[in-house]
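The values are calculated or read from the model by the stated rules, or taken from the named source; none is laboratory data. Predicted model only: the values in this text are computed from it and were never measured. When we count neighbours, we look across all protein chains shown, and the Cβ atoms used for this are built from the backbone with ideal geometry, even at glycine.
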Amino acid sequence: MSFSDKQRLDLRTQKTLEAIKGTFKKMICEMPADKITVRELAERAQIHRKTFYLHYDSIEALYQELTEEVIQGYYDAIEKLVPPYSHKDANRVFFEHFSSQEKYVERLLCDASYHNYCTCF
């Protein structure tokens with residue numbers, strides 16, 4: 001496979017992952033966790049179910065990845081504070097980070113229907 005073929009494959013993969021994640025985020029805003037299925041996600045993302053399973057083992061794995069991305073963003077923000085820092089500084093970073101997130105993040109982290117998916121805290 002030539003370099004341009006690999007680059008195209010990577011771009012295709014990126015677009016597929018963006019479609020999966022973007023669709024999942026929209027679905028999180030629309031419905032409780034138990035109503036989200038791979039079949040419906042795949043239909044909405046305009047991919048085949050098998051394509052979903054090439055990237056994720058389950059809806060729970062996708063949930064885990066999105067949650068870890070949000071949490072890692074917070075960790076990255078808190079690490080920018082120069083020690084010693086106060087609790088006030090740490091709280092400011094926490095609230096700034098989470099208040100700047102997309103709408104789906106609140107449901108992802110706070111809606112009780114999603115708590116069964118979480119193993120990352």
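At a glance:
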quantity	calculated
Close pairs (8 angstrom Cβ cut-off, 6 or more residues apart or separate chains): over 17 Å from Leu109 (Cβ atoms) in the stretch 72-89, of a type in the set (Gly, Ala, Ser) and not in a loop (DSSP other than H, G, I, E, B) anywhere	Leu81/Ala90
Any hit, the stretch 84-106, residues being surrounded by 15 or more Cβ atoms within 10 Å (Cβ to Cβ) and within 26 Å of Asp10 (Cβ to Cβ)	yes
Only one of Leu109, Leu54, Leu66 that is closer than 22 Å to Gln14 by Cα and surrounded by 15 or more Cβ atoms within 10 Å (Cβ to Cβ)	Leu66
Some residue of the stretch 34-44 being on the phi < 0 side of the Ramachandran plot and over 18 Å from the mean Cα position of the chain (by Cα)	yes
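Each row is one residue, and each column tells you yes or no for (1) surrounded by fewer than 11 Cβ atoms within 10 Å (Cβ to Cβ); (2) at pLDDT 95 or above; (3) charged (D, E, K, R).
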residue: Leu11; (1), (2), (3): yes, no, no
residue: Glu18; (1), (2), (3): no, yes, yes
residue: Phe24; (1), (2), (3): no, yes, no
residue: Asp34; (1), (2), (3): yes, no, yes
residue: Arg39; (1), (2), (3): yes, yes, yes
residue: Ala45; (1), (2), (3): no, yes, no
residue: Ala77; (1), (2), (3): no, yes, no
residue: Ser113; (1), (2), (3): no, no, no
